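The values are calculated or read from the model by the stated rules, or taken from the named source; none is laboratory data. None of the values given here were measured: they were computed from a predicted structure. FYI the Cβ positions are ideal-geometry reconstructions off the backbone, even for glycines, and counts take in every protein chain you see. Ligands, DNA and RNA are excluded from the accessible area calculation, which covers all protein heavy atoms including side chains. Shrake-Rupley method; radii C 1.70, N 1.55, O 1.52, S 1.80 Å.
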Amino acid sequence: MSNLLALSGVNTRIGHYHILQGVDFVVPQGGFTMLLGRNGAGKTTCLRTIMGLWKASAGRIDFDGADIAGRSTPAVAQLGIGYVPESMGIFAGLTVRENLTLAARDGPIDEKRLDWMFGLFPALKKFWHLPAGHLSGGQKQMLAIARAMIEPRKLLLVDEPTKGLAPAIIAHMVEAFRELKRTDTTILLVEQNFNFARSLGDTVAVMDSGRIVHSGNMGELAGNEALQYRLLGLSLDAHQ
Amino acid sequence: MSEPRSGEHPVLETHGLTIRFGGHVAVNQVSCAFRPDTLTAIVGPNGAGKTTYFNLISGQLRPTGGRVTLYGEDITALPASQRTRRGIGRAFQLTNLFPQLSVLENVRLAVQSHAGMGLNLFSVWSGHVELIERAEHYLHRVKLTERRDTLASALAHGDQRKLELAILLALDPDLFMFDEPTAGMSVDEVPVILELIHEIKSQGDKTILLVEHKMDVVSSLADRIIVLHQGELVADGEPATVIASPIVQQAYLGLAGHE
Amino acid sequence: MSPEKDELPGAVLDKSPLALIPVIALVALPLIPSLPTWVTLTVAGLAMGMMIFIMASGLTLVFGLMDVMNFAHGAFITIGAFVATSVLLPLAGWTRADSLWMNLAAMLLAVLAAMAVTGAIGLAFERVIIKPVYGQHLKQILITMGGLIVAEQLILAIWGPDMIALPKPVTLRGSFIFGDIVIEKYRVLAVLVGLAVFAAMFLVLNRTRVGLLIRAGVEDSEMVESLGYRIRRVFIGVFAAGSALAGLGGVMWALYQETVTSAMGMHVMILIFIVIIIGGLGSVGGCFIGSLLVGLMANYVGFLAPKIALGSNILLMVLILLWRPQGLYPVAKR
Amino acid sequence: MTRRLLSGDYPRSRMLATLLLLILAGLAFAPFAFPGTRSLDVAAKVCVFILLVASYDLLLGYTGIVSFAHTMFFGIGAYGIAIAATRLGPTWGSLVLGSLVALACSALLSLLIGMLSLRVKTIFFAMITLAVASFFAILASQLSGFTGGEDGLTYKLPQLLLPGTKLLEAPLFGVEINGRIVSYYIVFFTAAALFLALLRVVNSPFGRVLQAIRENDFRAEAIGYRSVIYRSVANCVAALAASAAGILYALWLRYAGPDTTLSFDIMIDILLMVVIGGMGTMYGAVVGATLFVIAQTYLQDLMKLASDAAAGIPLLPDLVHPDRWLLWLGILFILSVYRFPAGIVGKLRGRQ
């Protein structure tokens, strides 16, 4: 498997804060890569730096054979990267249809793809003409994901899609992502819910204090509780 | 503040506290009482409403339903500044300082607020040596004395968190609220913070609320754990009991499939 | 202040501010001695409101989209008016001819010239003056005030300090008379132009892809960029368009007053600010309603108690702020 | 002593200290150093505007509030004296009464505006104050029976302050000591005392809170400072000082009218002075006001020379025409905001 995206030595400063302090990891073509880590570790900053929403002060971001560090956000998006931010970035005053129309850069929405999307997220069909602000949290998240893939994209960056969602909706979300996986979509997904990450991820990178502290395949991490505890603080039995 | 503060009287209570943002209920009907000399840890997955619950208590947000009482007095309508004056002190998750003021000045302003001298228009601030000395004392407690003349914006992340705590100490509150005090800190900086929280706790008359992700931190410090999930209070009790309860296993840690 | 409220014309969900217009008109009815006078004043008020709307709409749209309040907007209005004198005075042959078409053609030329000049200046203004201070409100106010000072001085240097008379074209003078009701012809034109601008803005915002981009950009410009659009270019276009509208408003206002002075922009700026505050900063729909309210109020009170005409608008502003502290349609964002 | 007077806030630059001393000496000995009506007028105007601009700096530089109603408070002070002197006659009693009523009006109005609108964003406040101030200016010209309308009010002052009153038989250092000299020193000492009082306010515990609120009002609230109250008090103090400046100006001019106190042009002058002098420094007000008033009076003479020299070149003579002096200050203003936000004072301090 070749690498679609590779970060090497990426540094990002926001104001006076040095958030990313030399980040290195790769996202293999056609797989799901999970970016894990505690709050404040720099995961969101990582995605924003790839999107060009923050400028990397040093390092390379190679995407599909070109260094995209320093390119403007629209230029990065036009290369075929879709982005679902943590806040979801839904245009609340626009209808569901308008949200998707805007996301279809190349003209009218492809009907077949739309039908497929309605299959994944039936709620979008139901509320087609409703302002997106009226959707529930889960439905908004679905719209945000649908918006990022209304046209084929080479890579999707998804920031904490399960945040604040009920278990039933998370289960639905897992199904939708599995369906996406069958279409050979490449995804880089930031997550805190380890169970969710484990059920979807092929490879994994763990961040702490602005650096990658572990990377490898998901199976290895999932099977090693001591490693999970060390990296993520995930343990129930540790101090009993 | 003249109310008795024996262990039985709650310092702070929330009654059916609720806030909605549009269609989303971020905190839903949370009723809970916090007693002095108790450290309560609030845990829950990301987006469970922990920080929002904090914001409702410290006054950064107004609830859409329910009440907050401090020593039995309804403070739901009070702005954040008045709650601070009544003894609720809060450290923020994302560092939130006066970036272009010196480290000492950041703390001195908090000391000055606690001394109630903000509306003193006609004395020279540098003449109030006692305020400056107290500020220096708090800087010493968080081990920041050497950086006293640095601009707050020029501090490293860990030092900023320490300054955040020095400001909190300077307010000398009855109720301390820590929102992930160790987030983003390097491993060697964490003990300083934990020791500080421990010191506050051992003073005996303080009420402490702590939002924290790291379970080892929580279980070593907390007298009590409450669990928020989807904005609702789903578990409340002794740390060991709460951690072992199935609902927490599933809701919080997402480890239902724990092989 | 629910975040899902749509702020754009036509899509306004909250109807109660709309009702203010008939309410004010009906309150005025018994106070004014005769019905024909009331009709005359109402039409005059609507016409004035429409002209204020033309001048204010660009400013509020730019604020909603780019979070920039341009305190030099008034200078663009003045420039539009002076450009009109430079076009219309040499074309006296056309404006004095007793032909509606010749008159309108002259006006159209003046309007196009004014809009081209102010649009171009707006473009330069955005690049040179405003671009470095996005997101810094205090500096924005200061820097655009600086722009205002410089622009006013340049106007004085180019067109001189004296008042210039600018008579209306012949066929637009005088009034239509229906019984006792007297309606000035020019006011009818002003209402038509105002409605056309409002309709055009409505159509562009709600029926075109650029409009979709603008509406999305008002909410979250970062997300629009993440979808692959160069929203900055749209922003600059909107700024130029807003400045061009100021130029159009300047021409309309100058012909209405029939005089042009270097201070006229600053005078209308007060009305424009009142309108924008009433409507809610950044809301085009609110601006439209606010303009009509201010226009009606100014004419009714101007007739009943001329001395307190401007005071009445301040009073209106204070009352509305007491009712809705962020204006009729608060734009919830940032 | 100096420390107490300056509230511990020193110029912190030798150049600046020298400049300030020169200005102080120039103003203190103006009647003797620069005899003549025009130059004494300039000196008095400098004193008044130092106070006016310093009070504006308290708002803009220290609190981060942009208000366009500052001339309104300036005007209230001037009209307070003018109306009292016109209606009640040229007695000391009426001057005191007029001043007190004016100060009370300013305090009330500023608190009202503050409480109503200081919670909102900077831009909103700027727009509202602009609307209110212009309303006030129009009100002053409409109520002509009371304010003299567009013509303003000319009035007599108590005997002691009139030019005809000679205090000493013989001239002192070649200057006749008359009522004008007394008036000048009233203006000078009051302005100096109030400037030092403002310097104290910005260096008081209160002043530090203002700066904290300007930096991060969310956090200031969180540590117990209610920002709307602090902003309102700052607004009120600034309004009172502006009114005091208005009172002094009316005493000096023996005239109050819309053009000398209420017009938007003066508001723009204040902005130019505070920004070019240096926001948030207080001393910037001294430097800015002095340079501006001198430029206003003498730069035009210089520009006339330039304009005549450039005759024949298209447009250039218009640009350096004496009436266009504001053009160049406007450009300097824009450059100041971008390049040196702490103005001349910041530049001088930066060199050390």
Looks like chain C, by Cα gyration tensor root eigenvalues a ≥ b ≥ c and the a/c under 1.5 rounded cutoff (else prolate when a/b is bigger than b/c, oblate otherwise), is oblate
Cα-centre dipole for the protein assembly as shown with unit charges at Cβ (Lys and Arg positive, Asp and Glu negative), debye to 20 = 1660 debye
Sites residue B:67 and residue B:119 - FRET efficiency at Förster radius 25 Å, r taken between beta-carbons, to 0.05 | 0.25
Once you've got the GNM for chain C with C-alpha springs shorter than 10 Å, pick whichever of C:278, C:121, C:77 has the biggest mean-square fluctuation.
-> C:121
Summed buried accessible surface, chains A and B, 1.4 Å probe, nearest 100 Å² | 2200 Å²
For B:71, A:229, the accessible-area ranking with a 1.4 Å probe, largest leading, is A:229, B:71
If you count, for every residue in D:208-221, the Cβ atoms of partner chains within 10 Å of its Cβ, what is the mean?
-> 6
Projecting the Cα atoms of C:174, C:206, C:53 onto the charge dipole of chain C, where Lys and Arg contribute +1 and Asp and Glu -1 at Cβ, the residue farthest towards the positive end is C:206
Using a 1.4 angstrom probe and counting only protein chains, how large is the accessible area of residue D:151 in Å², to 10?
-> 120 Å²
Angle in degrees between helix B:190-202 and the longest Cα principal axis of chain B, rounded to the nearest 10 | 90 degrees
Reported to the nearest 10 Å², residue C:277 has, with a 1.4 Å probe, an accessible area equal to 0 Å²
Projected onto the charge dipole of the stretch D:2-351 (+1 at Lys/Arg Cβ, -1 at Asp/Glu Cβ, origin at the Cα centre), which of D:222, D:162, D:46 gives the Cα projection farthest towards the positive end?
-> D:222
Regression test value, accessible area per residue of the stretch B:100-171, probe 1.4 Å, units Å², expected 38 Å²
State whether the protein assembly as shown is rounded, prolate or oblate according to the following rule on the C-alpha gyration tensor (a ≥ b ≥ c being the square roots of its eigenvalues): a/c under 1.5 gives rounded; otherwise a/b larger than b/c gives prolate, and the remaining case gives oblate.
-> oblate
Percent antiparallel among DSSP beta bridges (both partners in the protein assembly as shown, rounded to 5) | 60 percent
Among the trypsin sites (Lys or Arg not before Pro) within the stretch D:1-100, which fall in a DSSP loop and have no more than 13 other Cβ atoms within 10 Å of their own Cβ?
-> D:12
Averaged over the residues of C:268-278, the number of partner chain Cβ atoms within 10 Å of each residue's own Cβ comes to 4
Could you list the square roots of 5 times each eigenvalue of the Cα gyration tensor of chain D, that is, the equivalent ellipsoid semi-axes, sorted largest first and rounded to whole Å?
-> 30, 27, 23
Members of B:50/B:214; D:45/D:304; A:140/A:163; A:43/B:214; C:139/D:121; B:162/B:201 lying beyond 19 Å, as alpha-carbon distances in this model show | D:45/D:304
Grab the beta carbon distance between residue B:137 and residue B:82, set R0 = 25 Å, and tell me the FRET efficiency rounded to 0.05.
-> 0.45
Report, in order of residue number, the helices in chain C meeting two criteria: a C-alpha extent of 18 Å or more along the helix axis, and a mean Kyte-Doolittle hydropathy of at least 1.0; treat each whole DSSP H run as one helix.
-> C:16-31, C:35-66, C:73-88, C:100-125, C:137-159, C:185-207, C:231-257, C:264-279, C:284-304, C:309-323
Could you state the number of Å between the C-alpha centres of the stretch C:246-320 and the stretch D:158-183?
-> 51 Å
Using the heavy atoms of the protein chains and a 1.4 angstrom probe, tell me the accessible area per residue for chain D in square angstrom.
-> 40 Å²
Taking the Cα centre of chain C as origin, work out the dipole magnitude from +1 charges on Lys and Arg Cβ and -1 charges on Asp and Glu Cβ, in debye rounded to 20.
-> 260 debye
Compute log10 of I(q)/I(0) for chain B with the Debye formula, placing one identical point scatterer on every Cα and leaving out solvent, at q = 0.09 Å⁻¹, to two decimals.
-> -0.41
Most mobile of D:316, D:161, D:251 in a GNM of chain D (Cα contacts under 10 Å) | D:316
Estimate the FRET efficiency between residue B:188 and residue B:21 by the formula 1/(1 + (r/R0)^6), using the beta-carbon distance for r and 45 Å for R0, to the nearest 0.05.
-> 0.70
Hey, got the average number of other protein chain Cβ atoms within 10 angstrom for residues in C:147-157?
-> 6
Inter-part distance where the stretch B:42-69 and the stretch A:48-116 are each reduced to a Cα centre, Å = 33 Å
If one builds a Gaussian network model of chain A from Cα atoms under 10 Å apart, the most fluctuating residue listed among A:101, A:185, A:49 is A:101
Calculate how steeply helix B:129-141 sits against the longest principal axis of the alpha-carbon atoms of chain B, using the helix alpha-carbon long axis, and give the answer as 0 to 90 degrees to the nearest 10.
-> 40 degrees
Using alpha-carbon positions, what is the distance between the centroids of the stretch B:14-37 and the stretch B:125-164, in Å?
-> 34 Å
How much accessible surface does residue A:32 have with a 1.4 Å probe, in Å² rounded to 10?
-> 0 Å²
Nearby aspartates and glutamates by direct alpha-carbon distance to residue D:166 (threshold 18 angstrom, same-chain neighbours under 8 apart not counted) = D:176
In whole percent, what relative contact order does chain B give with Cα contacts below 8 Å and a gap of six or more residues?
-> 27 percent
Have a look at the DSSP beta bridges in chain B and tell me what percent are antiparallel, nearest 5.
-> 55 percent
